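The values are calculated or read from the model by the stated rules, or taken from the named source; none is laboratory data. This structure is a prediction, so every number in the text was calculated from the model and none was measured. Virtual Cβ from ideal backbone geometry, glycine too; neighbours counted across all protein chains shown. Surface accessibility is based on the protein's heavy atoms, side chains included, excluding ligands, DNA and RNA. Shrake-Rupley method; radii C 1.70, N 1.55, O 1.52, S 1.80 Å.
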Amino acid sequence: MLDVWKNVLVRVEQQISRENFSTWFTGTELLSIANGEVVIGVPNVFKQTQLQAKFTEVIKAALEGCDIEVKSLKIAVVAKEKRSDNKVASQPASLAKLASTRQYRTANGATGSLQTGLNARYTLSTFVVGTNNDLAVNVARNIIDFPGEKYNPFFLYGGPGLGKTHLVQAIGNALLEKNPDMRALYAPMSSFYSDFIKAIQHNKGDEFRQKFRKLDALIIDDFQMIMNKDASQAEFFDIFNELYQLNKCIIVTSDRLPDQIKSVDERLASRLTWAGAYDLQMPQFEERCAILRSMADFRGAEIEDEAIEYIAENVKTNIRALEGELSHLLAVSELKNMPPLEVINEGYYANTASSGRAKSVSPKQVVEKVAKYYQLTPKEMCSKSRVAHIKNARQVAMYILSKDLSMSTPKIAMEVGVKDHTTVMHGIKKIEGDLKLNFSLRDEIASIKEKIYG
């Protein structure tokens with residue numbers, strides 16, 4: 001049965017993207033084949049839902065390609081203790097080989113050591129791939145296979161808590177696992193700045209420069225912290241140019257694009273995006289569920305799918321918040337000595353999720369807060385005015401009502417004073433599109449939400 005399913009998976013992998021295959025088919029198994037009735041086992045309800053919705057035809061075609069008759073296809077969730085491998089997801093064994101201090105061998109055979117700054121827990125195997133990040137992950141895989149080539153430098157941007165640090169450290173760990181002699185360094189920009197200042201103070205500028213210039217891969221996190229630090233920026237510019245000319249791997253993250261960071265040199269901003277800029281978006285509901293399940297499995301924690309769904313429904317800000325709420329729920333579960341779902345149902349965990357506060361907020365309150373933020377009255381904002389700042393405020397209200405209160409477009413249309421629900425759809429898409437590049441708008445919406453839920 002195992003060999004049959006391996007052959008089926010080979011055919012499936014040829015038909016879908018690498019990211020979708022890795023995300024939704026890992027942990028699946030063929031449970032039974034009888035009289036054309038095929039049963040596939042999956043570890044949780046989220047994979048069950050996705051496979052049923054998106055991949056049933058692909059699976060059927062793959063089965064038939066292996067000469068298996070398919071009259072019906074059932075995808076069933078299998079409890080961990082009943083799974084054929086009888087194993088709970090855990091930290092990959094390869095992680096034990098990774099360490100923050102690495103020994104490497106130079107071309108002439110000499111050995112040395114380097115503090116990598118990498119955290120071994122960050123791997124691609126624990127990074128959940130979805131529509132919010134699949135392009136960036138695809139680029140990351142290419143970098144691991146061909147460091148310093150096509151996607152160099154790799155510039156990754158997005159809001160806080162969306163997985164930038166996880167992804168770039170996963171690249172670093174994978175590079176070292178593939179090539180133990182590679183000299184890779186992960187450094188937050190704040191560390192680069194503070195180390196540079198110390199080096200200047202102690203007349204060790206040359207030593208500082210050599211530390212970076214001998215690298216094969218440099219990963220700089222939170223590049224936006226370089227703002228208004230002209231000397232550090234000039235030093236980084238020189239290091240960047242030298243590494244780039246040597247085809248060394250350069251990876252940089254930021255919460256915004258380089259040209260949107262005040263005081264950043266135009267030449268540096270341009271160089272950072274030579275190979276493009278790739279962003280991470282907020283995960284959708286199914287992806288948030290998958291992320292939470294991955295986090296729970298990594299910890300070896302038992303948690304019901306319904307409890308996972310509760311957190312995913314109530315936390316819509318970022319991945320960091322998801323992890324915080326999962327930790328909170330598991331802590332309460334341990335304290336009360338009861339399963340997580342029972343903790344929720346008994347009210348010990350009610351309304352603790354930050355975004356869960358949205359459930360107690362009315363549409364009228366959202367409209368009032370948005371209008372007040374933009375120095376308008378609700379009547380002005382919900383009028384038929386086409387003045388730019390009023391229209392923008394109205395669209396922001398539409399976006400929050402849709403994303404936070406899960407209201408339908410016809411209901412939103414009634415709340416904001418427009419007749420056609422397609423106008424609401426357009427307004428929501430407009431804000432979604434603007435949020436990808438307009439970081440001032442991100443800050444505005446974050447401030448509005450604080451006023452709504454604070």
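Compare the Cα positions of 124, 35, 447 along the charge dipole of the chain (+1 at Cβ of Lys, Arg; -1 at Cβ of Asp, Glu; about the Cα centre) and return the one farthest towards the positive end.
447
Quick one: net charge around residue 190, please, counting Lys, Arg +1 and Asp, Glu -1 for every other residue with C-beta under 11 Å from its C-beta.
Overall, the nearby charge balance is -2.
Within region 400-434, which residues have the backbone N less than 14 Å from the label spot 7 Å out from residue 384 along Cα→beta-carbon, could you tell me?
Hits in region 400-434 for residue 384 at 14 Å: 417-420.
For an R0 of 30 angstrom, estimate the FRET efficiency from the Cβ-Cβ distance between residue 76 and residue 177 and round to the nearest 0.05.
Computed FRET efficiency for residue 76 and residue 177 comes out at 0.30.
Would you tell me the accessible area of residue 235, worked out with a 1.4 angstrom probe on the heavy atoms of the protein chains, in Å² to the nearest 10?
About 10 Å², ignoring ligands and nucleic acids.
Taking square-rooted eigenvalues a ≥ b ≥ c of the alpha carbon gyration tensor, is region 174-296 rounded, prolate or oblate, where a/c under 1.5 means rounded and, failing that, a/b exceeding b/c means prolate?
Prolate, since a/c reaches 1.5 and a/b exceeds b/c.
How much length would be gained if the chain were fully extended between residue 247 and residue 14, taking 0.36 nm per residue of separation minus their Cα-Cα distance, in nm to one decimal?
Net length gain for the segment: 80.7 nm.
Can you tell me how the chain classifies by the Cα gyration tensor, rounded, prolate or oblate, using a/c under 1.5 as the rounded cut?
Judged from the Cα gyration tensor, the chain comes out oblate (a/c at least 1.5, b/c at or above a/b).
Where in region 152-191 is the amide nitrogen less than 18 Å from a point lying 7 Å along the Cα-to-Cβ axis of residue 441?
Hits in region 152-191 for residue 441 at 18 Å: 157-160.
I'd like to check one number: the per residue accessible area of the chain, probe 1.4 Å, reported in Å² as a whole number.
With the other protein chains kept in place, the chain gives 50 Å² per residue.
Carbon and sulfur atoms: what percent of the 1.4 Å accessible area of the chain do they account for?
Here carbon and sulfur together make up 48 percent of the probe-accessible area.
Name the shape class, rounded, prolate or oblate, that the alpha-carbon gyration tensor gives for region 237-390, where a ≥ b ≥ c are the square roots of its eigenvalues, rounded holds for a/c under 1.5, and otherwise prolate holds if a/b is larger than b/c and oblate otherwise.
oblate
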